[in-house]
Amino acid sequence: MRHATPLRRTLTALLATTLLAGGVLLGQTATAEPAAAATVTCNIEKLRADARKERDRANRLRHLGARTEARKALARADALENRARQCADADNNSRPPLWR
């Protein structure tokens, strides 16, 4: 049984090295930025127009008595307005300063 000990140590070391190398490679691929996430563009005017349509729809629904549907439409309109505001802020903040 004396000859099995070095083989066991060798296999254990080989397994540990393989796991560490695989973990490093997996870690590098997990933290790499995907190419699809590089640029995101949004049409601010279309978002605002869609929000206006949702608000009009909410007003019609409220007058018809469908209060829960009107609240949902208002929530969608608020979300669209918020997204348009975020896009506008991102556009304003991404431009280089004038003094450069």
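The values are calculated or read from the model by the stated rules, or taken from the named source; none is laboratory data. In this text, all values refer to a predicted model and were calculated from it rather than measured experimentally. Surface accessibility is based on the protein's heavy atoms, side chains included, excluding ligands, DNA and RNA. Shrake-Rupley method; radii C 1.70, N 1.55, O 1.52, S 1.80 Å.
Restricting attention to helices (runs of 4 or more DSSP H) lying wholly within the chain, give those where 2 or more residues are among the charged types (D, E, K, R) and modelled with pLDDT of 95 or more.
Ranges flagged: 44-64, 67-94.
Out of all the residues in the range 51-68, which are open to solvent by less than 100 Å² (accessible area, probe 1.4 Å) and under 28 Å from the mean Cα position of the chain (by Cα)?
If the condition is that a residue be open to solvent by less than 100 Å² (accessible area, probe 1.4 Å) and under 28 Å from the mean Cα position of the chain (by Cα), then 51, 54, 55 are the ones that fit.
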